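First up is the structure itself, then whatever we jot down about it.
The values are calculated or read from the model by the stated rules, or taken from the named source; none is laboratory data. Treat the numbers as computed from the prediction; the structure is a model and nothing was measured. Neighbour counts run over all protein chains shown; Cβ positions are idealised from the backbone, glycine included. Just so you know, the surface numbers come from the protein's heavy atoms only, side chains and all, with ligands and any DNA or RNA stripped out. Shrake-Rupley method; radii C 1.70, N 1.55, O 1.52, S 1.80 Å.
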Amino acid sequence: MRFDFLTAIFQQVQVMRFAVEEINNSSTLLPGVRLGYEIFDECSENHNFKSVLDFLVENRSVPVRNSSLYYEPKIIAVTGPFGTTDTISVAPLFMSNLIPMVAHGATSAQLSNKKRFPSLFRTVPSDKFQVQALVRLLLEFGWNWVAFIGGDDDYSRDALQGFTEQIRSVDICLAYQDTVTNDVSKIPAMLDILTALNISVVLVFANEEFAVPFIEQAIKRKQPKMWIASEAWSLNQRLMKTNGIETIGTVLGITIGGIKTLQGFKEFVVRSLTHEKGAAQSNVSLAGVDDTCNQECTECLTADPDIIFNEDPTYNFAIYSAVYAVAHALHKVLQCESQGCNSSKRAYPYMVPELKCSPECTKGYKKVQREYHTCCFDCQICTEGTYINYTADPTECRDCRRDEWSANGSVRCTKRSVEHLIPTEPVGVGILLSAASTLLSSLAIAGLFACRFHTPVVRSAGGSMCFLMLGCLCLCSVSVFFYVGHPGPVHCFLRNPAFAVFYTGCMSCLAIRSFQIVCIFKMASRLPRAYDYWVKHNGQWAAVGVAMAVQLLLCGLWIGVDGPQPISHTMGRAIVFDCSLGNSYIFYTIMVFLGLLSVTCFSFAYMGTDLPKNYNEGKSITFSLVIFYISWAMYLTAYLTLTGKYLPAVNAFSVLSTLLGILVGYFFPKCYIIIFKPQHNTAAFFQTAIQSYTINSNT
């Protein structure tokens, strides 16, 4: 049976011969070792088995062995066959004995299954990636009404299966699919269907033997469409040179990346063909021709070197790489060095160290492709907060979800712990006990003042205004309880906003009390009418009410515009729950208002430093204000510099320090007099102090 001479296939044969000659002439790769080879034209699936059995012979027979450890067949490795179907049909014979096959044109995704094909390697990418590229191309241009034309082989069938699976989740409709067989008479009917269904985009995913006659029929009919070619025929020189190719519309082709010009290949083709032509013309038989060819090939001896060299170069580098892969593997097995190889070392097929462009990345690293080839990559660690799923995509570090975390070089994410101030932990217990102590102290002082309400100490401290101050301190103490526990909207509302309003009431009472004492001793006699008006119209209560109203308005505006809200932020392995500051401008306005009140209070307290000892509140108020300034300066510093679950604790202790400053500086000394020095809590004692101050001031 005679088959047509294909210049593209003959070019591939020359590439294989060129690679072997280059290796045999190398002084660094397999020094002192020469590679031999036999080339078989696969022709068809049926004819393949004769060459396969010839490769497997050992001592002129094919043995049946239980072990492949010391099996020495005729060959040590195989490159090819070219097509997917041919490779799948003969591979089991080689796989059973772990004879390495390096495929340079078989792209089926089936061949990636290492359980079925343990010793099969490829220098071309799987069709999975080509199909992905085709789908991306269709999506990029918005082409969703397409046809798929394949050939009668595994190459096309596998691609069709992968294509239909990938378009299920995207907006692409497979309007028509059919198969080109060796019976080309069916092609016109297929083209008629494409026209009838108004299909303008046709994917022709087929080997040359099926794609070429199909496209030639389309050229005859001058049927313009958008033709998308698979890598098997996208650079086919025969179609490129066919008259009328321009009448069928546009052809977009997919090809293998990294097609390279082989340095010196053209000169090799010219030299080898010229030598063989000369031998044929002089009737000199070529040594070994009868042994190494399985059919006569007169065209091989008369082929034009330029035509051979200019054929489709798609698979040239893949063939070249396949030969070099075998050579490098043998170089390693034979323990070759620059001086030579280990002559005592025997090489068996099962010994194909696995040669790769790049070693596999270690755990937690992703592949970053270099240049064109997916086999050549750098390894880059997945940083904190990301992980890599090697099953899904070894080239991408995926982000963990917000409630998860990961360290550098992770292959999975871990749930973050939830953190906030817990009532049972030491800091939470300390805050709750301190707040409870402040609350109980305020209530106890209020009870003591109620029992001694008409005594001079209570009246000099502010009388009924003391109960407003103590009530505000109690409510401020209650707000501290909401710093502990999982923060919700109520917690955030009853923290700083509630404290600001009630502490304003307390601070304004201190300021008014200081102002009144100064008025009584220094201004009442000079401005009697103004003082009488102040007393008659309850000026102190009006001033306190205005201050609290202003602060209440500011806090209402704060909450209405952008008040404190529950938030969460990630910190390493934890999610920290807290309350936001809200609108910072309004917050700082509230703090400035409190600051102005404190300055006013301090000014009046300083003016009264020379008043009678029993009426002199300057030291106690100053002490309270110093605590206020220090605690809030510490909190604002912590707010700007710290993060984490203990920031609310700093805020809570700032509030507690402020409250304790008033209790300890202002109320505790008065409680001490009431309880331990009742003799100083009399009208006569206070009158004596006033008279002494009057005499000293007049003198």
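Per residue, the stretch 124-169 exposes 49 Å² of accessible surface when a 1.4 Å probe is rolled over the protein heavy atoms with every protein chain present.
Take LYS332: with every protein chain present and a 1.4 Å probe, its accessible area is about 130 Å². Computed from the C-beta positions of ARG17 and TYR390 and an R0 of 45 Å, the FRET efficiency is 0.70 to the nearest 0.05. For the residue pairs LYS186/LYS222; LYS128/LYS332; LYS74/LYS332; LYS74/LYS345; LYS332/LYS366; LYS74/LYS115, the alpha carbons lie more than 22 Å apart in LYS128/LYS332; LYS332/LYS366; LYS74/LYS115. Taking 0.36 nm per residue of sequence separation and removing the Cα-Cα distance, the ASP54/PHE129 pair yields an extension gain of 23.5 nm.
Just the protein heavy atoms count here, and of the accessible area of the stretch 399-449 at 1.4 Å, carbon and sulfur take up 62 percent. The 1.4 Å probe gives accessible areas that order ARG122, ARG346, ARG495, largest first, as ARG346, ARG122, ARG495. Could you list the residues of the stretch 628-655 with an amide nitrogen less than 11 Å from a label point located 7 Å from the Cα of MET591 in the Cα-to-C-beta direction? What the label zone holds, given the 11 Å backbone N cut-off, is 632-641. The modelled label-to-label distance between ILE381 and MET240, using points 7 Å beyond Cα along the C-beta direction, is 4.8 nm.
For the stretch 409-510, the solvent-accessible area of protein heavy atoms averages 38 Å² per residue (probe radius 1.4 Å; ligands and nucleic acids excluded). Applying 0.36 nm per residue to the separation of GLN263 and ALA542 and subtracting their alpha-carbon distance, the gain on full extension is 90.6 nm. For the stretch 107-245, with all protein chains in place and a probe radius of 1.4 Å, 51% of the accessible heavy-atom surface sits on carbon or sulfur. Heavy-atom accessible area with a 1.4 Å probe sorts GLU38, GLU337, largest first, into GLU337, GLU38. Less than 5 angstrom separates the built amide H of LEU421 from those of GLY485, all sequence-distant by 5 or more or on a different chain.
For an R0 of 22 angstrom, estimate the FRET efficiency from the Cβ-Cβ distance between ARG136 and VAL368 and round to the nearest 0.05. That gives a FRET efficiency of 0.65.
Residue-wise HN-Hα couplings along the stretch 83-100, as the Karplus relation 6.51 cos²θ - 1.76 cosθ + 1.60 with θ = phi - 60° gives them from phi, are x, 5, 4, 4, 5, 5, 6, 9, 4, x, 5, 7, 5, 4, 10, 6, 7, x Hz; Gly and Pro carry x. Our estimate of slack between ALA549 and PHE5, defined as 0.36 nm per intervening residue step minus the Cα-Cα distance, is 185.7 nm. Can you work out the FRET efficiency for the pair SER112 and THR570, with r the C-beta to C-beta distance and R0 = 35 Å, to the nearest 0.05? The computed FRET efficiency comes out at 0.35.
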